[in-house]
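Working notes, structure below.
The values are calculated or read from the model by the stated rules, or taken from the named source; none is laboratory data. Only a predicted model underlies this, so the values are computations on that prediction, with no experimental measurement involved. Cβ atoms come from the backbone with ideal geometry, glycine included; neighbour counts cover every protein chain shown. Note: areas computed on protein heavy atoms with side chains; ligands, DNA, RNA excluded. Shrake-Rupley method; radii C 1.70, N 1.55, O 1.52, S 1.80 Å.
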Amino acid sequence: MGERPENQANHPDDPPLLTVENLSIRFRNAAANTVDGISFNVDRGETLCIVGESGCGKSISALALMGLLPMPPAEIASGRMVFDRRDLLTLSPKARADLRGDRMAMIFQEPMTSLNPAFRIGDQIAEGVLRHRSISQADARRRAVEMLDRVKIPAAAERLDDYPHQLSGGMRQRVMIAMALANDPDLLIADEPTTALDVTIQAQILELMRTLQEETGTALIMITHDLGVVAEIADQVAVMYAGKIVEQGPVDAIFDDPQHPYTIGLMSSLPSLGERQSRLTTISGMVPTIETMPSGCRFAPRCPFVHETCIARAPELTSLSRNHLAACHFAPLEAHVVEAV
């Protein structure tokens, strides 16, 4: 990624823009926490990718951050979410709503379920601007044109009165990005924003998001199961499995030296360019449900290196090197592989 704008980058003494500490989320009558004690920081202008299979708790964590998780049946069992020195969990519903769509914004996976089919796209963008800015309808409409142009929708002024069904999937996703960025948020959360798109459009959307982020200095949390996306856009990576962060660190450390068996499994299942020499590796089994959550390491039933210690006791997320952490009893794995040989 390019240099962050000077006025947006964190000073070394500044706190992170967002700090999540020991966040646990539980649903009514559930046997275990759906999200269990996750912690991470996001600096201004930084991109954190949260990666893992479906069912690992990524989207629920994002909805909790945005204040969109219905409570009940969900509840915050423990933890803090501090955004720009304000604990989100102590704010009133009105204060959360004032932040949402203004200083914090979210792009969802499927725009057709997020855009209102009965309203023109220009009106939907302008509505968010009017909610948070004291400007006229005409000025809000001009801002909508500006944003459509910014996300590279051709003939933006003419497309302003289109309905969502008149746009392609890639164009609808661009409209969602325009809506999310219309008020210049400090933090943007993108939940699998390219999953439903073909690879060419996906690459265009990622390039667009990266360019806009560099221009605005917005911090980004990208939720994905696609390691190709992670390699393309991340500064920091958090690997989630069954509600826990099992490895986190700078993107180079995660790709060059993965230290959790789940991360290694995800890497091994990533297709590469060139002639395929063998079948892709797969991770056997499935992410456990809340009802079948193991009491020890949650990855133990699927782990090729499982030991009785893993079944008996859950590993702690511990530091392996500067800013690189993993939750595995046998990390660093190289030492134990050598011992086993």
Filtering trypsin sites (Lys or Arg not before Pro) in segment 72-113 by DSSP loop and by at most 13 other Cβ atoms within 10 Å leaves R85
Of every Cα-Cα pair in segment 201-260, the percentage lying beyond 18 Å is 38 percent
So the carbon and sulfur contribution to the accessible area of the chain, 1.4 Å probe, in percent, is 51 percent
Note on segment 164-231: C-alpha Rg/Rh, Kirkwood Rh, two decimals, gives 0.94
Checking every Cys Cβ in the chain against the others at 4.7 Å leaves as unpaired C49, C56, C303, C328
Rounded to whole Å, √(5λ) for the Cα gyration tensor eigenvalues of segment 42-92, largest first, gives 19, 18, 8
Under Stokes-Einstein, segment 40-125 at 10 °C and 1.306 mPa s, with its Kirkwood radius over C-alpha pairs, diffuses with a coefficient in µm²/s of 105 µm²/s
Listed by chain and number, the lysines with an alpha carbon less than 23 angstrom from that of K58, same-chain partners under 8 positions apart left out, are K244
note: segment 101-183, Cα-Cα separations exceeding 16 Å make up a percent value of 43 percent
Note on segment 77-130: C-alpha Rg/Rh, Kirkwood Rh, two decimals, gives 1.07
Eigenvalues of the alpha-carbon gyration tensor of segment 104-143, times 5 and square-rooted, give semi-axes in Å, largest first, of 20, 13, 7
Here, GluC sites (Glu not before Pro) of segment 120-208 satisfying both criteria (DSSP loop; at most 13 other Cβ within 10 Å) are none
Over the chain, the sum of -39500 (n - 2.57) across DSSP H runs of at least four, divided by residue number and rounded to 500 deg cm²/dmol, gives at 222 nm -9500 deg cm²/dmol
One point scatterer per Cα, no solvent, Debye formula: log10 I(q)/I(0) for segment 11-83 at q = 0.17, 0.24, 0.28 Å⁻¹ comes out as -0.66, -1.17, -1.44
Rounded to the nearest 5, the percent of DSSP beta bridges in segment 149-279 running antiparallel is 55 percent
Rounded to whole angstrom, the alpha-carbon centroid of segment 289-318 lies from that of segment 71-127 at a distance of 34 Å
For the chain, the longest principal axis of the Cα atoms and the Cα long axis of helix 137-150 enclose an angle in degrees, to the nearest 10, of 50 degrees
Of every Cα-Cα pair in segment 103-237, the percentage lying beyond 22 Å is 32 percent
accessible surface per residue for the chain, probe 1.4 Å, DNA/RNA/ligands not counted, whole Å² -> 49 Å²
Here the percent of antiparallel bridges among DSSP beta bridges lying wholly in the chain, to the nearest 5, is 60 percent
Which of (i) 5, 24, 32, 24, 11, 3, 0, 0; (ii) 6, 26, 32, 19, 9, 4, 2, 1, 0, 0; (iii) 6, 27, 37, 24, 5, 0 gives P(r) over Cα pairs in 10 Å bins from 0, in percent as computed here? It is (i)
